[in-house]
Amino acid sequence: MEPFKSPGPDGMPHLFYQKYWSIVGADICASVFHFLNNGYIDPLANFTHIVLIPKCPDPSDMTQFRPISLCNVGYKLASKAIVNRPKPFLSSLISTSQSAFVPNRLITDNVLAAYELNHYIKHKNMGKKGYVSLKLDVSKAYDRVEWRFLERVCLD
């Protein structure tokens, strides 16, 4: 983990844990293993601050902010363990048409496939069968957050 990333609610940056791992490491590992084995995480370790980062210099409404979560290091370690565990066989579970966020696949592969399909449709002149292509807007997950809900959560 990056040593100077923003600290979570406990106020301790990653550098603290890296520097004093010989002292705190056993307790952190025990907490993470307990969570992974029992499915229970201490509510204090699960506490997260949500911070809004502006997407532009002078934001005027909520759509111009990007929410980020500031989590404690123990929670990040547990979530990293959960995420990294299925990585070796993830590509065999996810369809080949899904290319983003899958190891050894590129999102640009789908862009090239769409370009080739569009090229084929444009140059198809045989028969009376018509073809149509559809372009869909792809937005980022955090742009789909219900902003009124997020405002209420952040202001309460």
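Summary of values
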| item | result |
| --- | --- |
| Links that overshoot a 29 Å alpha carbon limit, given the list 87/122; 55/122; 19/55; 19/76 | 87/122; 55/122; 19/55 |
| Residue 114 versus residue 100: modelled label distance in nm, points set 7 Å from Cα along the beta carbon direction | 1.0 |
| Estimated FRET transfer efficiency when R0 is 30 angstrom, pair residue 29-residue 64 (beta carbons, to 0.05) | 0.15 |
| Fewest-first sequence of 63, 48 by Cβ atoms within 10 Å of each Cβ | 63, 48 |
| Karplus (6.51, -1.76, 1.60) ³J(HN,Hα), θ = phi - 60°, over the stretch 39-44, in Hz, Gly and Pro reported as x | x, 10, 10, 4, x, 5 |
| Descending Cα extents along the principal axes, the stretch 2-85, whole Å | 46, 28, 24 |
| Length added when fully stretched, residue 46-residue 93, from 0.36 nm per residue minus Cα-Cα | 14.0 nm |
| Share of alpha-carbon pairs per 10 Å distance bin for the stretch 71-123, given as whole % | 21, 32, 26, 13, 7, 1 |
| Over the stretch 41-96, equivalent-ellipsoid semi-axes from the Cα gyration tensor in Å | 30, 21, 8 |
| Chymotrypsin sites (Phe, Trp or Tyr not before Pro) within the stretch 1-91: DSSP coil, no more than 10 neighbouring Cβ in 10 Å | 4, 40 |
| Karplus 3J(HN,Hα) series, Hz, for the stretch 58-69 with 6.51 cos²θ - 1.76 cosθ + 1.60 (x for Gly, Pro) | 10, x, 10, 8, 5, 5, 9, 10, 10, x, 10, 9 |
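We did not get these values from a lab; they are worked out from the coordinates using the rules stated. All figures in this text were calculated on a predicted structure; none of them were measured in a lab. Note that we place each Cβ from the backbone using ideal geometry, even for glycine, and neighbour counts take in every protein chain shown.
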